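These notes concern the structure reproduced below.
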């Protein structure tokens, strides 16, 4: 018999609707699994068990009351436990961003994405661990300790949404919110063998997301399958007057069928993503997955994204520059930790010196330099021009194909500490995910196999702006005929 905490989001939703289980039973099963695996996995920074059970009871009461009215419709998310990455505001729950500088910050409001899901009835079990201010690819930059990959506790779950991905993979919860600025949903999804969505920039409101790179940040989600992610996406997507960058476009109703036929679909394969140094098992698994799509009726076409090689340096100029501006607010004056000193200037030094970790300081300094007088045009200005070329590459590709298929990361999950001495090696982990953020296109990562160490391998699909429904359709078709997404780690 399937344990309650092993149920996918859709399975749990169906069981609740049929009255086979209660939200309290489901939530308690998840809390029991969290208690069993924490603190070794360290997937959470803050847990909210009392709040979760209170929300679960309220969901059960509402469902019971509505059963008397068969015409009444309830959200499919009602009573389902989820985790929230600790860079998204949840009212009256501390939001640390994985940083000491915000260790006692308790926001009085909800992020729009969280607010919409709470309105739909989700149960929040806690705030998931993340790299400090979402700056990292391993969750080792968290001031509250690294998260461990449930497939191998000596390895990284990826980052920066590593806590969210590990919690889903470890069957602590059926789904979690994450954010993706340069691959921070897709890379952890790949490393942990779960499915992760990065929506189009502007599709989901960024209000209540603590900013890292304002022109790059996207609120996404992780779950076991594309079918699960549809439930979350349809609730949280849409225009928000509190976010000027959210687009006033209709959110499509995504209808997934049991028919995996992909006849007429054109899948582009960019050779720029199959580079020297890629782990052979990763390339093999991704190419087999592309062949599987072809067997379902898709047409496979080569495409070129010629400016892909510039994505890494472009990202590491634009993102730090935006971070430098966004993180200037953490000065100890208005909120967060405050250093003690005799003068205002010394207080700034004390606050930021002790409050920020090494990687955040590194990116602030890079960004400040790139924006400084005499260097702005040479660095930040040039990077923005190349970013336009990268965006143009995708637009030309989508004139020929419906989706682009590629690896998520060059390797499977690396050992914790393996790249800690080399920032460049760590940055290279995002080489395949950065272009989608720079272009603003949607992406979805999902498992397509394992390496010889039984570590998950992920593939990503990227689509045209605001065409997330294509990614859902293709991923769901693939997951109809494979079972990689149904496998879970053996946890002692």
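Before moving on, here are some points about what is shown:
- For region 147-230, averaging the sequence separation of C-alpha pairs within contact (under 8 Å, six or more residues apart) and dividing by the residue count gives a relative contact order of 30 percent.
- Rg to Rh, two decimals, where region 262-341 supplies the alpha carbon set and Rh follows Kirkwood: 1.30
- For the pair residue 248 and residue 325, the difference between a 0.36 nm per residue extended length and the Cα-Cα distance amounts to 25.0 nm.
- Beta bridges assigned by DSSP with both partners in the chain are antiparallel in approximately 65 percent of cases.
- The mean sequence separation of alpha-carbon pairs under 8 Å and at least six residues apart, normalised by the residue count of the chain, gives a relative contact order of 17 percent.
- Efficiency of FRET between residue 20 and residue 368 - r from beta-carbon atoms, R0 56 angstrom, step 0.05: 0.50
- Against the empirical 2.2 N^0.38 Å (N residues), the chain has a Cα radius of gyration ratio of 0.92.
- Computed over region 398-492, relative contact order equals 31 percent, with contacts defined as Cα pairs under 8 Å that lie 6+ residues apart.
- FRET efficiency estimate (nearest 0.05) - Cβ-Cβ, residue 333 to residue 287, R0 45 angstrom: 0.25
- Whole-angstrom gap from region 85-157 to region 213-278, using each part's C-alpha centre: 21 Å
- With only Cα atoms counted, region 243-294 has Rg and Dmax values of 17.1, 43 Å.
- Rounded, prolate or oblate (a/c below 1.5 giving rounded, otherwise prolate when a/b exceeds b/c) for region 72-225 by Cα gyration tensor: rounded
- Cα gyration tensor shape for region 339-492, rounded if a/c is under 1.5, else prolate or oblate: oblate
- With 0.36 nm allotted per residue and the present C-alpha distance subtracted, the residue 215-residue 453 stretch has 81.9 nm of extension available.
- Fraction of beta bridges assigned by DSSP in region 178-324 that are antiparallel (%, nearest 5): 60 percent
- The label-point distance for residue 346 and residue 257, in a model that sets each label 7 Å from Cα toward Cβ, rounds to 7.3 nm.
- Extension gain for residue 276 to residue 399 (0.36 nm times residue separation, less C-alpha to C-alpha distance): 41.5 nm.
- Region 172-207 and region 461-487: distance between their alpha carbon centers, rounded to Å: 14 Å
- Between the beta carbons of residue 309 and residue 46, assuming R0 = 45 Å, the FRET efficiency works out to 0.65 to the nearest 0.05.
- Approximating the spin labels as points 7 Å out from Cα along Cα→Cβ, the residue 294-to-residue 109 distance works out to 5.2 nm.
- Normalised alpha carbon radius of gyration of region 1-114 [divisor 2.2 N^0.38 Å]: 1.19
Where a number appears in this text, it was derived from the coordinates with a stated rule and is not lab data. This one's a predicted model, so the numbers in the text were calculated from it and none came from an experiment. Quick reminder, even Gly has a Cβ in these numbers, built from the backbone with ideal geometry, and neighbours come from all protein chains shown.
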